[in-house]
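Worksheet: one structure, shown below.
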Amino acid sequence: MRTFQDFEELGNDESKKREFIYAAIAEYKLSPFYKDAADAYEYFKHRNVTINQYQKWLYALTGERIPDSTAPNHKCASNFFWLFVIQQNDYLLGNGVSFKKGKTKDKLGGEAFDGKLQRLGEAALWGGVSYGFYNYDRIDVFNALEFVPLWDEETGELKAGIRFWQLDPQKPMRVTFYEIDGYTNYKYSNGQGEITQEKIRYINTYVKSDVGGEEIRDGYNNKSFPIVPMWANPEKQSEFTGMRCEIDCYDLILSGFANDLDEASEIYWIIQNAAGMDEVDVQKFRDRIKRIHTVWDENGQAQVSAHTMEVPYNARETALTRLSIELFVNYGALNTRELAAGSVTATAIKAAYENLRMKSSRYENCVTEFINGILALAEITDEAPSYTPNTVVNQSEQIASVLQSADYLSDEYVTRKLLTFLGDIDQYEKVMKEKAAAAMSRMMSDGDEGNGEAV
């Protein structure tokens, strides 16, 4: 693993710098962290690496292993990991984040900041870490499969980084090397690198002219390195860690069940009193059955009967159910099937969310640490962000609870809560204006009645 200090030792030698970048990428791709992230991303994309490599084999009398090309080989991949990642990320960030100061989010890109934050969180959960590049007035997202971090050996801070991408192994690899004083673009072909854009500052002033086109007039950098890591958890590892074995077991059992059903769907025939038949005669018999669905015996002695196999079901079904439960429990995810039957009370819903809440509270600390790092880069002074968990609620029970407490709460609070439950919180200002107008109208009406003359 190469560090920021290793890079500093190169000095100003550009050729050594290009070699360092290429070697750092190669070493990173061989690291356990990268390999784990790559496998996790495959499972996240609904591609079970283990099941896709599974092959049935036959063994000859000599012990030679031969691929079995005749037996069914269905490969059923579950999407547990995708579901778990999306659920955890959406639980915390699905409703966006809120700041004390209204203009804070505007300075970070407005509502687009919430979308970028969700993308960062998703990439962090499957990859262990993601990186947010504060690009003047927006956040760019880098995941663990495209960014090589260069950590400071003494402080553990991120001091530089290499972003790389390649459309095809036969195509050149594009690289951007980020340093504290700017970034440089490279292109690598067959291991040989060349600069495609000299180092430029992160924040630049451009001028346009009919003669010279667009040119950089001036620029400056941030006070610190403008890329901030977002970790998935305090352990700084992918949430896929420890999940692979159980997911593989589930997929292998399900695939084996499908294969057995496929094989059992074949009808096999028992022919009695036909000892004179050889393999050629048996093949002719099968072909005739498939072609005309009829068989006859000219001598009246042979007997033919059709049979099918019954596949063991209960043991597999029990194993799949048990594994499914264990997967939800071990990840700390919410199994929505528990909430699907009938009317569930708010207390039951809260209890069902408890494991996900505990898991997400640790994730929340990592997200908050990331956001604070971005606020420091943007030189924004504000309090820590707040989150509104995205949960299933018993809406009628929640509304009734708020209305029962309305006498002890402000009108603004009650209105905001009710609109939140109804999904119309963006109508808050309009509703409050309408309520104020209605109250004023009632006051005017009461005043007119009071000024009437007695008869």
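The values are calculated or read from the model by the stated rules, or taken from the named source; none is laboratory data. Keep in mind the model is a prediction, meaning the values are calculated, not measured. For neighbour counting, all protein chains shown are included, and Cβ atoms are generated from backbone atoms with ideal geometry for every residue, glycine included. Calculation scope for accessible area: heavy atoms of the full protein, side chains included, ligands and nucleic acids excluded. Shrake-Rupley method; radii C 1.70, N 1.55, O 1.52, S 1.80 Å.
Could we say that G102 is part of a loop (DSSP other than H, G, I, E, B) and surrounded by fewer than 24 Cβ atoms within 10 Å (Cβ to Cβ) here? Steps first, answer last, please.
On the way: part of a loop (DSSP other than H, G, I, E, B): yes; surrounded by fewer than 24 Cβ atoms within 10 Å (Cβ to Cβ): yes.
Spelling it out, G102 is indeed part of a loop (DSSP other than H, G, I, E, B) and surrounded by fewer than 24 Cβ atoms within 10 Å (Cβ to Cβ).
Every residue in segment 150-177 that is among the aromatic types (F, W, Y) and under 26 Å from the mean Cα position of the chain (by Cα), please.
W151, F164, W165
If you go through segment 346-377, how many residues are at pLDDT 90 or above and either open to solvent by less than 30 Å² (accessible area, probe 1.4 Å) or more than 25 Å from V129 (Cα to Cα) (or both)?
Of the residues in segment 346-377, 12 are at pLDDT 90 or above and either open to solvent by less than 30 Å² (accessible area, probe 1.4 Å) or more than 25 Å from V129 (Cα to Cα) (or both).
Within segment 228-261, which residues are modelled with pLDDT of 90 or more, open to solvent by less than 60 Å² (accessible area, probe 1.4 Å) and of a type in the set (G, A, S)?
Residues satisfying the conditions are A232, S238.
If I filter segment 189-204 for residues that are out of contact with any His (no Cβ under 7 Å at 6 or more places or on another chain), modelled with pLDDT under 60 and either over 20 Å from A24 (Cβ atoms) or in a loop (DSSP other than H, G, I, E, B) (or both), do I get at least one hit?
No.
Please find, within segment 10-28, the residue that is farthest from K187 (Cα to Cα) out of those that are open to solvent by 70 Å² or more (accessible area, probe 1.4 Å) and part of a helix (DSSP H, G or I).
Ranking the qualifying residues of segment 10-28, first place goes to E27.
Which residue is modelled with the lowest pLDDT, if the candidates are limited to segment 106-147 and must be open to solvent by 30 Å² or more (accessible area, probe 1.4 Å) and of a type in the set (A, V, I, L, M, F, W, C)?
Looking at residues that are open to solvent by 30 Å² or more (accessible area, probe 1.4 Å) and of a type in the set (A, V, I, L, M, F, W, C), I get A112.
Report yes if some residue within segment 425-436 is at pLDDT 80 or above, more than 40 Å from the chain's Cα centre (by Cα) and loosely packed, with under 11 Cβ neighbours inside 10 Å; otherwise report no.
Yes.
Would you confirm, using the coordinates I've provided, whether N273 is open to solvent by 80 Å² or more (accessible area, probe 1.4 Å) and either under 30 Å from K35 (Cβ atoms) or modelled with pLDDT under 95 (or both)?
Criteria met by N273.
Those residues that are in contact (Cβ under 8 Å) with a residue 40 or more places away in the chain and not in a strand (DSSP E or B), I need them from segment 171-188; list them, please.
If the condition is that a residue be in contact (Cβ under 8 Å) with a residue 40 or more places away in the chain and not in a strand (DSSP E or B), then I180, D181 are the ones that fit.
Given (1) surrounded by fewer than 21 Cβ atoms within 10 Å (Cβ to Cβ); (2) at pLDDT 95 or above; (3) within 19 Å of D39 (Cα to Cα), identify the lone condition not met by W151.
Single failed check for W151: (3).
Out of all the residues in segment 70-99, which are assigned to a loop (DSSP other than H, G, I, E, B) and of a type in the set (V, I, T)?
Passing the criteria: only T70.
Name the residue, out of Y408, Y413, that is closer than 26 Å to N95 by Cα and either modelled with pLDDT of 80 or more or open to solvent by 100 Å² or more (accessible area, probe 1.4 Å) (or both).
Just a single option satisfies the conditions, and that option is Y413.
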